[in-house]
Every structure is written in C-alpha cells, then in structure tokens.
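All remarks here apply to the structure that follows.
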C-alpha cells in the first residue's frame, strides 16, 4: 500500500457522545450536540414504517437502480432525472467529483480556510495538489461552512458547489448553472435530518451526470436510505422555525457581548479569543460545539436546548436538578422527552395526537413541570399508538427524574371542576405501581393514556372524573392528576419518605 504524503490532511471525526460525557463527568443523556449541524429530532417521516417494505426485501440488490428517488429528487430540484447522481452523503459525492476531474499532477482549488476539510482531502486522495494556479477543478461551499456566509460563486469552470445548507439560505442556489459545467452537491443529512442514513445527491448536466454515474460505485446507497429519503421528500419540513431560531440565537449571543458572523445556514459561527477554552467550558455544561482556530461553530437546535448553551456562555451555574431525557422508539412511533420536575410550567407537547397532546400538556402544566415532548407515529391508523407511547415515554422520564425519591412529599391529592365536569385525583410516588381510574364518559383513550403514564412513572394513581362532556371530563382528570403531582413531587427534606426505610 502506498503511504499517504506527509502533508496529507486526515478528516477528524468528533468524539462519541459517551466519550465526551465521560470527559465532562456527565451522563450521556445530558450531552447536547451543537457540533453536527443537524436537526435535534428526526422528521415525522422517519419512522420504521417508512422502511418496512424495503426491510422485507433487504436480502435483495436494488435491481434496476433507484428510478423513484431519481424522479423525486429531480422534481424537488427542478431538473430531469438524468441530471441526478446519488451518493452516500455529500462527502461521497465530493470524493467522486474530485477523482472524476483530477489526478496525479493536477491542481484543485478549494475555498480559503476556515472551510470544510474534505475538499482538500478529496483532492489529495485523487492524487492532485491544492492551489489556485490553473486548477482542473474548483470547489465552492455555499453557504460556507463554518461561517454560514453566502458568498458569490467563483467564475472558474469546472466548478463543484457544496450546497449542503442551501435550504436555509432562502436562495435558489446554483442549480440553474448545471449546463455551464457546474456540479451542485446536496445532502439529506441537514434539513431532512437523515445524517445517519448517509444519502446525498449531485445535480449536473446530462453528460456530466452520466460520466459521474459511470464512475460511481454500483448501488452506492442502501435501499433503506432511499426509502427514508423518499418519505422525507414527500413531506419536506418547514425551515422557517430554524431560521427564526438562528436569528434569535444570534441576537442573544450579541446581547452577551459576542459577535457572531451573519449566517445563512443552520448554524452560527462566533469568533472568540480562546476557542479551546470556551469549548471546554461549554462541555462542562454538557454543550458540545465545533472548535476552530479563531472561533466556535454552534448548530441551531431549538429554543430549550439553545438556552442551555446561552446560559453556559453567560456563566450561569447549571444545576442538574431533577431532570431527565428519554427517547422511545417502536415500529409505530418515535417519541423524545425533556423533563424537569423543578420547573415553571413551560410545556410543549407535539406528537400529532391532538386531543391527547392537549391532555398531557394540561397534566404537565398543572404539575408545574418543564416539559418538551415531541415525536411522531402512525396516525393514519388512529391516535392509539402515538398517544400511548407518548404517555409511556413521559412516565419513564418522570421515574428517572425522581431518582431515589428521597426528600419528596410523596403524597398529593387535588380536586378540579371544569364546567360540567368534576375530577379528584390522589397519588403516591412511593414506587409501587397501581391505578384506579374512572373517567365517565371517556373520549376514547383518556383512561388508557393516563394509566400508561402512571404505570411507567411507577406511581399509584386514583382518579375519579364524571360529567356530561367527554372532553371536559377527561381534561379535568388530567388537570387534577397534575395538581396532585405538584403537591407530591415537591422537595421537603433529605429524608426518605417511608417508615420502612426503603421505597
């Protein structure tokens, strides 16, 4: 094997979450990755059901190629299927383009540092040098990584443009130039939240695309990844909330005295005097950022997670408190929970199971919890699986957040009236599972969802609720349960609330 040259740059993967948690002395669940430029959650389309049919024939090769994904990408991008080249993420396509255009003795031009290191690596692996003197290929990154800048395109041809983040830029990109010896490289890793699926695509003229496809590996992506990409393209996400949060994050950073660079991507680059020291300080608070020679790059997550990073940058002490994160994934659903018992009723629940999302919101709000519960499920079959798994995940997070249950009040009760409905609830957080729940009339899953929460929280729960309107009756039951939990969960001392000495 021929050795790589002394000046060869090797791509350095960030450490694993488990390794970073060990360095910080934290539980891996407390680590927030602000270094990957990916969404905090998968898309609702990324459910096991999306790959079920392909999984049933995963023993087979993709005979005939991938015509459906070529067609879907073409429609999404405004080109013909013959203009599409598939690859295992944008990285695979950067490497493909480099080896198609460059070889030993050639020169490839890459963006000025700081930039994505794979451009240089791809050129060197192709045997070429890196420079600006009569290049056979020029790489551009737009929006730029790590700055997020939307710089003008170079005039050089042939030109390969990495547009991994173009959806966040509110700009059409370079796709209109593919007939002018321009190759556009895009990915499903960012906006479509499929980084783990490793699938991307390039757009080029028919002649260039044919040449690139001829040089690509046979079956370069998996049929499972194609199925996930097709599901994502069928329901593309709205990037407006990400852009809004990006601008909010930048404003908050400026309010702390920092000077983030204006960004058109899903991250913010911030020059700092000692990037390594800042990164280590943030890691101690559970926040992982990407470190560069002159600054740090922060991925935009959501308000709750971004506020954790902002607090750490402000030097505010981060008490772990009674908090928990939980993910539940089944063949029907994916649900993620962020829960704080010592909260201020800051609650957001969104799984698509509308009525039961509402009920869980009421429970958490009246319990005084901080809760973000997000996910998706097979709502085409009804609310049952999604609502049930949301309640299970919430119950499991509640159990974890209670810890050893030392010092809690343990018992609580409450009565709530709501128009025609009257509900009473009593709870024991001692750790023994039991439910006695009467909701009459029940809108369908009211009793079942509440019982699923209680069972997985390892609590005893007694509820009686009656009235005329099923919605009101169930809602009163969840509010009363929340009020009872508010009393039972409060910290009173450091004494285990049991005369037996065990819970």
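Compute the Kirkwood hydrodynamic radius of the stretch 323-489, taking the inverse of the mean of 1/r over all pairs of distinct Cα atoms, and give it in Å to one decimal.
On the way: mean 1/r = 0.0656 Å⁻¹.
Evaluated over the stretch 323-489, this radius sits at 15.3 Å.
What is the helix-to-structure angle for 384-402, meaning the angle in degrees between its Cα long axis and the longest Cα principal axis of the chain, kept from 0 to 90 and rounded to the nearest 10?
Helix 384-402 sits roughly 80 degrees off the main axis of the chain.
Given Cα pairs under 8 Å that are at least 6 residues apart, what percent is the relative contact order of the stretch 1-152? Working shown, then result.
Numbers: 133 pairs, mean separation 26.5, N = 152.
Computed value for the stretch 1-152: 17 percent relative contact order.
Report, in deg cm²/dmol and to the nearest 500, the calculated mean residue ellipticity at 222 nm for the chain, where each DSSP H run with n ≥ 4 adds -39500 (n - 2.57) and the sum is divided by the residue count. Write out the running numbers ahead of the final one.
Values: 14 runs with 172 residues, N = 503.
Computed mean residue ellipticity for the chain: -10500 deg cm²/dmol.
Considering all alpha-carbon pairs of the stretch 124-172, what whole percent are spaced by more than 11 angstrom? If you can, show how the numbers build up before the last one.
Working: 832 of 1176 pairs.
That tail contains 71 percent of the Cα-Cα pairs.
How big is the Rg/Rh ratio for the chain, C-alpha atoms only, Rh by Kirkwood, two decimals?
On the way: Rg = 26.4 Å, Rh = 25.3 Å.
Ratio of gyration radius to Kirkwood radius for the chain: 1.04.
What angle do you read, to the nearest 10 degrees and between 0 and 90, between the alpha-carbon axis of helix 89-101 and the longest principal axis of the chain?
It is inclined by approximately 0 degrees.
Does the stretch 1-159 come out rounded, prolate or oblate by the C-alpha gyration tensor, with a ≥ b ≥ c the root eigenvalues, rounded set by a/c under 1.5 and, if not, prolate when a/b is larger than b/c and oblate if not? It would help to have the intermediate numbers written out before the result.
Details: a/c = 1.70, a/b = 1.16, b/c = 1.47.
Because a/c hits 1.5 or more and a/b fails to exceed b/c, the stretch 1-159 counts as oblate.
For the stretch 184-303, how big is the tail of P(r) above 17 Å, as a whole percent of Cα pairs?
On the way: 4861 of 7140 pairs.
Here the long-distance tail beyond 17 Å is 68 percent of all Cα pairs in the stretch 184-303.
Please say if the stretch 56-124 is rounded, prolate or oblate, where rounded means a/c under 1.5 for a ≥ b ≥ c the square roots of the C-alpha gyration tensor eigenvalues, and otherwise the choice is prolate for a/b larger than b/c and oblate otherwise? Let's see the in-between values first.
Numbers: a/c = 2.42, a/b = 1.92, b/c = 1.26.
Prolate, because a/c is 1.5 or more and a/b exceeds b/c.
Roughly speaking, what is the stretch gain from residue 411 to residue 151, that is 0.36 nm per residue apart minus the C-alpha to C-alpha distance, in nm to one decimal? Each step should come with its number before you reach the end.
Values: separation 260, 0.36 × 260 = 93.60 nm, distance 6.11 nm.
Between residue 411 and residue 151, full extension yields an extra 87.5 nm.
Between helix 240-255 and the chain, what is the angle of the helix's C-alpha long axis to the longest principal axis, kept within 0 to 90° and rounded to the nearest 10?
90
Just report the Cα centroid separation between the stretch 193-249 and the stretch 132-146, whole Å.
When both Cα centres are located, 21 Å separates them.
Stretched out fully, how many nm does the piece from residue 224 to residue 276 gain, at 0.36 nm a residue minus the Cα gap?
Working: separation 52, 0.36 × 52 = 18.72 nm, distance 3.87 nm.
Extra length from residue 224 to residue 276 when fully extended: 14.9 nm.
Starting from the Cα of residue 27, step 7 Å along the direction of its Cβ; do the same at residue 59; then give the gap between the two resulting points in nm.
4.2
So, in nm, how far is label residue 171 from label residue 342 when the simple model puts each one 7 Å beyond its Cα toward the Cβ?
If labels sit at residue 171 and residue 342, their model points lie 4.6 nm apart.
Relative contact order for the stretch 235-330: what percent, with Cα pairs under 8 Å and sequence separation of 6 or more? It would help to have the intermediate numbers written out before the result.
Numbers: 103 pairs, mean separation 22.7, N = 96.
Once normalised by length, the contact order is 24 percent.
Does the stretch 48-234 come out rounded, prolate or oblate by the C-alpha gyration tensor, with a ≥ b ≥ c the root eigenvalues, rounded set by a/c under 1.5 and, if not, prolate when a/b is larger than b/c and oblate if not? Intermediate values should be presented prior to the final figure.
On the way: a/c = 1.84, a/b = 1.56, b/c = 1.18.
Since a/c reaches 1.5 and a/b is larger than b/c, the shape of the stretch 48-234 is classed as prolate.
Every number in this text was worked out from the coordinates using simple rules, so none of it is lab data. Keep in mind the model is a prediction, meaning the values are calculated, not measured. Cβ sites come from the backbone with ideal geometry, for glycine too, and all protein chains shown count toward neighbours.
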